[in-house]
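A.B. asks: Could you have a look at this structure, given as structure tokens, before my questions?
The values are calculated or read from the model by the stated rules, or taken from the named source; none is laboratory data. This one's a predicted model, so the numbers in the text were calculated from it and none came from an experiment. In this analysis, Cβ positions are derived from the backbone assuming ideal geometry, glycine residues included, and neighbour counts consider all displayed protein chains.
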Amino acid sequence: MTFNKTELLLLSFFFTLHSPAISWTTPSYAGRQGEWCLLQSNIGITAMHMQLLHDDKVVIFDRTDFGKSNISLPGGRCRNDNKDMALGVDCTAHSILYDIATNSYRALMVQTDTWCSSGAVVSNGTLVQTGGYNDGDHVIRTFTPCFNEICDWTEFKNYLSQRRWYASDHILPDGRIIIVGGRRQFNYEFYPSLSGTFKLKFLRETYDHRDENNLYPFLHLLPDGNLFIFANTRSILLDYNQNRVIREFPRIPDDVPRNYPSTGSSVLLPLDENNGRIEAEVLICGGARRGSFQRAARGHFSGNFYMWTAGDH
Ligand SMILES: *[C@@H]1O[C@H](CO)[C@@H](O)[C@H](O)[C@H]1NC(C)=O
Ligand SMILES: *[C@@H]1O[C@H](CO)[C@@H](O)[C@H](O)[C@H]1NC(C)=O
């Protein structure tokens, strides 16, 4: 039986906090239990990437090079792409805009491959999606919310100074975005692009030759203005303005990689501004032992559960 990711995704949207139609027996959450509800049984594409926008719409997109989707581009449009690995002419959409309020969606048009790209929403509400695969690896695409039904992706080809596939992005206090790493990219750059590429030896050092394990590095902007970067088992504090690593934190204690393909996840815990000195704490969960990616390809799976925190104390 195939597992329908798209359906699952839409189920997860509707976990509301105020409609206790199903009662759970967990007293500590009394009054806060939700309800799972299928909103759309098929949105035509798989949600490889999605981003909630400031207007409560969700832009959802998939890779473009895997054949037809199940939703047509409007107006009989087609994409002509002689670099596409599956279809030179593709009249289906690989992105949609989902409107939570009306539970409706419409097709959007992406021109280049967004597979394992990365992105960030800048303060004016525009999503800036960077990189991807093949013809998408140097591309920046923006999506700006609109009140009408016509806004769509805008693409800027050859914008990035390096190929960015599995990079990570973070917004910065001055309005820029920092774009860090990607496959065999031991460097970072900025959007808007004014200054080129900056080397980051840490990314080379955390690259495992067989498994990589330093892709989609975890990024968190700390209260002191520097960028926390976690890759594989190590983490640093980067002053991205001076291209200077100002601190290296201790390695994660069990030496188990946390980044793609040993993918875990990370979050900056809430900051308490009532503390005289704001302390930042990063929580990292998941991960998989070195070699898991290769073993999984041969059908050997092992369960893991890991969780550590790193404090800026
Ligand atoms: C989507 O799938 C349904 C059911 O298989 C099919 O009838 C429909 O034509 C498909 N639409 C597109 C645009 O592929
Ligand atoms: C918002 O920011 C994006 C990305 O920098 C830019 O392309 C766009 O023009 C801005 N929109 C407005 C309305 O200023």
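A.B. asks: With the structure loaded, tell me whether residue 182 is part of a loop (DSSP other than H, G, I, E, B) and either within 26 Å of residue 245 (Cβ to Cβ) or within 11 Å of ligand 2 (Cβ to nearest atom) (or both) or whether it fails that test.
C.D. replies: Against the criterion (part of a loop (DSSP other than H, G, I, E, B) and either within 26 Å of residue 245 (Cβ to Cβ) or within 11 Å of ligand 2 (Cβ to nearest atom) (or both)), residue 182 qualifies.
A.B. asks: What tally of residues in region 27-58 results from selecting those that are on the phi > 0 side of the Ramachandran plot and either within 16 Å of ligand 1 (Cβ to nearest atom) or part of a strand (DSSP E or B) (or both)?
C.D. replies: Going through region 27-58 one residue at a time, the tally reaches 1.
A.B. asks: Would you mention how many residues in region 101-129 are of a type in the set (Val, Ile, Thr) and in contact with a His (Cβ under 8 Å, 6 or more places away or on another chain)?
C.D. replies: Within region 101-129, residues that are of a type in the set (Val, Ile, Thr) and in contact with a His (Cβ under 8 Å, 6 or more places away or on another chain) number 3.
A.B. asks: Listed residues 53, 108; which is under 18 Å from residue 130 (Cα atoms), within 16 Å of ligand 2 (Cβ to nearest atom) and of a type in the set (A, V, I, L, M)?
C.D. replies: It is 53.
A.B. asks: Against the definition (at pLDDT below 95, out of contact with any helix residue (DSSP H, G or I) (no Cβ under 9 Å at 6 or more places or on another chain), of a type in the set (Gly, Ala, Ser) and in a loop (DSSP other than H, G, I, E, B)), how does residue 175 come out, yes or no?
C.D. replies: Answer is no for this residue.
A.B. asks: Looking at region 92-109, which of its residues are away from ligand 1 (no atom under 16 Å from the Cβ) and part of a loop (DSSP other than H, G, I, E, B)?
C.D. replies: 100, 101, 102, 103
A.B. asks: Okay, moving on. Residues being over 24 Å from residue 276 (Cα atoms) and either at pLDDT below 95 or β-branched (Val, Ile, Thr) (or both): count how many of those fall in region 211-235.
C.D. replies: 3
A.B. asks: Among the residues of region 248-279, which ones are closer than 15 Å to residue 219 by Cα and crowded, with 18+ Cβ neighbours inside 10 Å?
C.D. replies: Once the filter is applied, which keeps residues that are closer than 15 Å to residue 219 by Cα and crowded, with 18+ Cβ neighbours inside 10 Å, region 248-279 yields 258, 259, 260, 264, 266.
A.B. asks: Further question: Is it true that some residue in region 86-95 is at pLDDT 95 or above, within 28 Å of residue 147 (Cα to Cα), surrounded by fewer than 19 Cβ atoms within 10 Å (Cβ to Cβ) and of a type in the set (Gly, Ala, Ser)?
C.D. replies: Among the residues of region 86-95, not one is at pLDDT 95 or above, within 28 Å of residue 147 (Cα to Cα), surrounded by fewer than 19 Cβ atoms within 10 Å (Cβ to Cβ) and of a type in the set (Gly, Ala, Ser), which makes the answer no.
A.B. asks: Here is a follow-up. Restricting to region 163-188, give me the number of residues that are more than 14 Å from residue 119 (Cβ to Cβ) and not basic (Lys, Arg).
C.D. replies: Total meeting the criteria: 9.
A.B. asks: Name the single residue that is farthest from ligand 1 (Cβ to nearest atom) among those in region 59-82 being surrounded by fewer than 16 Cβ atoms within 10 Å (Cβ to Cβ) and within 25 Å of the chain's Cα centre (by Cα). Write out each step before concluding.
C.D. replies: Step one: of region 59-82, the residues surrounded by fewer than 16 Cβ atoms within 10 Å (Cβ to Cβ) are 67-68, 70, 72, 74-78, 80, 82.
When the remaining residues are screened for being within 25 Å of the chain's Cα centre (by Cα), the result is 67-68, 70.
On the way: 67: 11, 68: 6, 70: 4 Å.
Here the answer is 67.
A.B. asks: Are any residues in region 180-198 buried (at least 21 other Cβ atoms within 10 Å of the Cβ) and either small (Gly, Ala, Ser) or at pLDDT below 95 (or both), and if so, which ones?
C.D. replies: 181, 182
A.B. asks: Report yes if some residue within region 78-88 is closer than 24 Å to residue 42 by Cα and touching a strand residue (DSSP E or B) at 6+ places or on another chain (Cβ under 7 Å); otherwise report no.
C.D. replies: There is at least one residue in region 78-88 that is closer than 24 Å to residue 42 by Cα and touching a strand residue (DSSP E or B) at 6+ places or on another chain (Cβ under 7 Å).
A.B. asks: Next up: Hey, could you check region 199-232 for residues that are surrounded by fewer than 16 Cβ atoms within 10 Å (Cβ to Cβ) and of a type outside the set (Lys, Arg) and say which is nearest to residue 156 (Cα to Cα)?
C.D. replies: 225
A.B. asks: Still on this structure, I have one more. Can we say residue 251 is in contact with a strand residue (DSSP E or B) (Cβ under 8 Å, 6 or more places away or on another chain), among the basic types (Lys, Arg) and farther than 22 Å from residue 179 by Cβ?
C.D. replies: Answer is yes for this residue.
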